[in-house]
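Data block below; observations after.
The values are calculated or read from the model by the stated rules, or taken from the named source; none is laboratory data. All values reported here derive from a predicted model rather than from experimental measurement. Please note: Cβ atoms are built from the backbone with ideal geometry, for glycine as well, and neighbour counts cover all protein chains shown. Side chains included, ligands, DNA and RNA excluded: accessible areas come from the protein's heavy atoms. Shrake-Rupley method; radii C 1.70, N 1.55, O 1.52, S 1.80 Å.
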Amino acid sequence: MVNTGKIAKQLNRLIFSILLSGYKRCKPDWYKPFREQRHHSLWLITKGSGEVTMDGTKYKLSPGKLVVFKPGMICEKRTSSSNPLEFYFVRFTYAVAYEEKQNWHFESPDSTAFPLQGVFSITNSGNMIHELDHIQQLSQRRGPTVAMRRKLHFQELLLMIVQDFRSQKIAGNSTMAIDTTIDYIVTNYHVHMTLTDLAKMAGLSTSHYARLFKEYVGYSPIDYLTHVRIDRAKELLAISDFRIKEISQSVGYQDELYFSRIFKRIVGVSPTQFSDNHKTISSAMKK
């Protein structure tokens, strides 16, 4: 089962380089015998039928199928002679680069597997085709701004894929209910609320709501609330002269010491240190 929250978190830690992209119209006799894949690549099937065998598992291909290859896979590919395949393709590479607790982390792709591989069904491929068409058109041009736009369209494509997986897993009414509680959290983060309160608001049992929320967002409901509160506290610490106690209370924590422990666990430094660091930066910029 696809865990969309986990996939989104992993994708958000990657930076990409597009190696090759285009649109393939297969001839009736198109066939690629078993061989090892050398690159990460994805296909979105738009027309025709065929099949692909990936590490011994055979998949049928038809419009709306997303195929994700990884280096080292042993694959065989063929089209139907009477209904040849057509598909968009993107070949890419990536590295890991992300900030966490005010520290940057860098890793090679060898240390982190790409979170998608295999064949998936896409329910709404229209917008994805639009992004792939942009990527294909931009691949015929050169320049740093073109390269930036190509990467942005690719990231938008990946976001659409995650959103499509999410919509397949969660029924429409449940999706709306979770969105409603997210809006409530963002607007009322300073108010005391419990998991039970949020589940009642969504009209779901506590356990069902908690499971769907984590699949949808990637955080548990209470973790999400905590991060929203801490993000707001970071803003206030950076731009205001409020005392720590005042900021703590304004984001929903009456106990200043508890707030400080939560803040340090998430951010990596104490609220006081965070404030000093950002005030120092602001002062230096004004000089």
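Take the residues in the stretch 170-181 that are part of a helix (DSSP H, G or I) and surrounded by 17 or more Cβ atoms within 10 Å (Cβ to Cβ); name whichever of them is modelled with the highest pLDDT. Full working, then the answer.
Applying the first criterion (part of a helix (DSSP H, G or I)) to the stretch 170-181 yields 172-181.
Going one step further and asking which of them are surrounded by 17 or more Cβ atoms within 10 Å (Cβ to Cβ), we end up with 174, 177-178, 181.
Values: 174: 75, 177: 84, 178: 86, 181: 93.
Here the answer is 181.
For a quick check of your reading: which strands (runs of 3 or more DSSP E) sit entirely within the stretch 1-69 and have at least 3 residues that are among the aliphatic types (A, V, I, L, M) and in contact with a strand residue (DSSP E or B) (Cβ under 9 Å, 6 or more places away or on another chain)? Before you say what the answer is, go through the steps one by one.
Working: elements: 14-25, 31-36, 40-47, 50-54, 57-61, 65-69.
Filter on the stretch 1-69 gives 14-25, 40-47, 65-69.
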Members of the stretch 182-218 found to be part of a loop (DSSP other than H, G, I, E, B), at pLDDT 90 or above and open to solvent by 30 Å² or more (accessible area, probe 1.4 Å), listed by number: 188, 189, 190, 191, 192, 194, 205
Of all residues in the stretch 118-167 being among the hydrophobic types (A, V, I, L, M, F, W, C) and not in a helix (DSSP H, G or I), the one that is farthest from residue 178 (Cα to Cα): 119
Residues (open to solvent by less than 70 Å² (accessible area, probe 1.4 Å), closer than 13 Å to residue 11 by Cβ and either out of contact with any helix residue (DSSP H, G or I) (no Cβ under 6 Å at 6 or more places or on another chain) or aromatic (Phe, Trp, Tyr) (or both)) located in the stretch 110-168: 112, 114, 116, 154, 161, 165
Members of the stretch 1-42 found to be farther than 30 Å from residue 214 by Cβ and hydrophobic (A, V, I, L, M, F, W, C), listed by number: 18, 19, 20, 26, 30, 34
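Of everything in the stretch 17-42, what is hydrophobic (A, V, I, L, M, F, W, C) and open to solvent by less than 20 Å² (accessible area, probe 1.4 Å)? Give them in sequence order. Working first, answer last.
Pass one, the stretch 17-42, residues hydrophobic (A, V, I, L, M, F, W, C): 18-20, 26, 30, 34, 42.
Passing the criteria: 26, 42.
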The stretch 239-274, subset under 33 Å from the mean Cα position of the chain (by Cα) and modelled with pLDDT under 90, residue most open to solvent (accessible area, probe 1.4 Å): 239
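For the stretch 153-202, which positions are within 30 Å of residue 22 (Cβ to Cβ) and polar (S, T, N, Q)?
Matches in the stretch 153-202: 155, 163, 167, 168.
Could you list all residues from the stretch 226-273 that are among the charged types (D, E, K, R) and closer than 24 Å to residue 99 by Cα?
Across the stretch 226-273, the qualifying residues are 229, 231, 232, 234, 235, 261, 264, 265.
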Residue match in the stretch 43-59 (condition: in contact (Cβ under 8 Å) with a residue 40 or more places away in the chain, farther than 21 Å from residue 11 by Cβ, buried (at least 16 other Cβ atoms within 10 Å of the Cβ) and not hydrophobic (A, V, I, L, M, F, W, C)): yes
Qualifying residue in the stretch 76-85 (condition: open to solvent by less than 70 Å² (accessible area, probe 1.4 Å) and either within 27 Å of the chain's Cα centre (by Cα) or within 30 Å of residue 273 (Cβ to Cβ) (or both)): no
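Would you call residue 34 aromatic (Phe, Trp, Tyr) and within 23 Å of residue 125 (Cα to Cα)? Don't jump to the end; show me each part of the working.
On the way: aromatic (Phe, Trp, Tyr): yes; within 23 Å of residue 125 (Cα to Cα): no.
No, not satisfied.
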Where a residue in the stretch 211-233 is among the basic types (Lys, Arg) and its partner, wherever it lies, is in a helix (DSSP H, G or I), with Cβ under 7 Å and at least six apart: 214/5
